[in-house]
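To keep things clear, I will list the structure first and then write my remarks on it.
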Ligand code: ADP
Ligand code: MG
């Protein structure tokens, strides 16, 4: 997958142009620009506190940027309610801590958004949810509650829940960082399958094996800036920036 050329003819799904974000006096995103085309897989990495979560949260407005533009399929991300509804439907998100509702079964977690936001009937939503739980290899967990599942199963349920909205883009924020080591692979395998099926993805992760295998582009951030952006073969073998080299030395 990583050897495939970037499809320049594919439509642009996401675009960030000169995005800045401050938290108080802390300048967390500094002139961030990024373009992601349909079907692209982008791995975003960088030291803790470099602004990775803030960047991807600006895409679905969990964080509001304070300068520049963020566009999802050409729609500008702002507080405009109608646009925001469209964007949130089309952009799925998976968090480090799963964020499943503990008092709902896995099936109920999965059907909640389709029935409310997509106005899907209960039966159809359940059929869809079951097919997606099958896709992430946990159909047998549908009627259990999140605390009854392992971390790896919970994260796969969270991925299925996001997929129930039929998103056009998936954002992953360190989806394997909270998992015991033996469960990392089962989640990365599901993400790899999703990538192979053509999903547009931005993954914040330090799983560099995954980056090498799946990413079209690896983006390295430091101190709120995109410092380097390259296909994995180039990023890992010939990083151009000194800060990238230092980072790779620490994690590889
Ligand atoms: P990363 O995901 O790369 O670890 P973050 O985007 O979470 O980095 O954070 C970047 C910086 O912004 C950090 O210094 C963090 O403490 C700060 N930050 C993140 N979210 C908030 C917030 N809601 N309020 C204040 N500061 C924040
Ligand atoms: Mg983060």
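Listed residues 165, 191; which is touching a strand residue (DSSP E or B) at 6+ places or on another chain (Cβ under 9 Å) and either on the phi > 0 side of the Ramachandran plot or assigned to a loop (DSSP other than H, G, I, E, B) (or both)?
Working: 191 fails: either on the phi > 0 side of the Ramachandran plot or assigned to a loop (DSSP other than H, G, I, E, B) (or both).
Unique residue meeting the criteria: 165.
Any residue in the stretch 110-124 that is under 18 Å from residue 187 (Cα atoms), in a helix (DSSP H, G or I) and at pLDDT 95 or above? Walk me through it before giving the result.
Here is the first cut: in the stretch 110-124, the residues under 18 Å from residue 187 (Cα atoms) are 110.
From the residues that got through so far, the ones that are in a helix (DSSP H, G or I) too are 110.
Retained after the next criterion (residues that are at pLDDT 95 or above): 110.
Among the residues of the stretch 110-124, at least one is under 18 Å from residue 187 (Cα atoms), in a helix (DSSP H, G or I) and at pLDDT 95 or above, which makes the answer yes.
Given the options 242, 234, 186, name the one that is buried (at least 18 other Cβ atoms within 10 Å of the Cβ) and at pLDDT 95 or above. Lay out the reasoning, then the answer.
On the way: 242 fails: buried (at least 18 other Cβ atoms within 10 Å of the Cβ); 234 fails: buried (at least 18 other Cβ atoms within 10 Å of the Cβ).
That would be 186, the only listed residue that is buried (at least 18 other Cβ atoms within 10 Å of the Cβ) and at pLDDT 95 or above.
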Give the residue that is farthest from residue 242 (Cα to Cα), with candidates limited to residues of the stretch 40-58 that are within 16 Å of ligand 2 (Cβ to nearest atom) and touching a helix residue (DSSP H, G or I) at 6+ places or on another chain (Cβ under 8 Å). 43
Of the residues 143, 137, 206, only one is surrounded by fewer than 23 Cβ atoms within 10 Å (Cβ to Cβ) and either without any contact (Cβ under 8 Å) to a residue 12 or more places away in the chain or touching a strand residue (DSSP E or B) at 6+ places or on another chain (Cβ under 7 Å) (or both); which? 206
When the residues of the stretch 80-104 are narrowed to those that are closer than 19 Å to residue 183 by Cβ and without any contact (Cβ under 8 Å) to a residue 60 or more places away in the chain, which ends up farthest from ligand 2 (Cβ to nearest atom)? 102
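Identify all residues within the stretch 194-238 that are part of a strand (DSSP E or B) and within 16 Å of ligand 2 (Cβ to nearest atom); write none if there are none. Even if it seems obvious, please write down each step before you answer.
Taking the stretch 194-238 and keeping what is part of a strand (DSSP E or B), we get 200-204, 217-222, 225-230.
Within the stretch 194-238, 202, 203, 204, 219, 220, 221, 222, 225, 226 meet the criteria.
Output yes when any residue across the stretch 100-114 is within 16 Å of ligand 1 (Cβ to nearest atom) and buried (at least 17 other Cβ atoms within 10 Å of the Cβ), and no when none is. Break it down into steps so the answer makes sense when it comes.
Initial filter on the stretch 100-114 (within 16 Å of ligand 1 (Cβ to nearest atom)): none.
Within the stretch 100-114, none of the residues are within 16 Å of ligand 1 (Cβ to nearest atom) and buried (at least 17 other Cβ atoms within 10 Å of the Cβ).
Taking the residues in the stretch 167-181 that are away from ligand 2 (no atom under 16 Å from the Cβ) and either crowded, with 21+ Cβ neighbours inside 10 Å or touching a residue at least 24 places away in the same chain (Cβ under 8 Å) (or both) as candidates, determine which candidate is farthest from residue 119 (Cα to Cα). Break it down into steps so the answer makes sense when it comes.
So in the stretch 167-181, the residues away from ligand 2 (no atom under 16 Å from the Cβ) come out as 167-170, 180-181.
The next check asks that each one be either crowded, with 21+ Cβ neighbours inside 10 Å or touching a residue at least 24 places away in the same chain (Cβ under 8 Å) (or both); those that pass are 167-170, 180.
On the way: 167: 15, 168: 18, 169: 20, 170: 21, 180: 37 Å.
The residue in question is 180.
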Residue 23 is checked against (1) within 13 Å of ligand 1 (Cβ to nearest atom); (2) exposed (fewer than 14 other Cβ atoms within 10 Å of the Cβ); (3) closer than 23 Å to residue 228 by Cβ and fails just one. What number does that condition carry? (3)
So for the stretch 48-63 (the condition being under 22 Å from residue 214 (Cβ atoms), more than 14 Å from ligand 1 (Cβ to nearest atom), in contact with a strand residue (DSSP E or B) (Cβ under 8 Å, 6 or more places away or on another chain) and assigned to a helix (DSSP H, G or I)), does at least one residue qualify? no
Out of all the residues in the stretch 19-41, is one or more under 19 Å from residue 211 (Cβ atoms), in a loop (DSSP other than H, G, I, E, B) and within 20 Å of the chain's Cα centre (by Cα)? yes
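The values are calculated or read from the model by the stated rules, or taken from the named source; none is laboratory data. Keep in mind that this is a model prediction, so the values were computed, not measured. Neighbour counts are summed over all protein chains in view; Cβ atoms, including those assigned to glycine, are modelled from backbone coordinates with ideal geometry.
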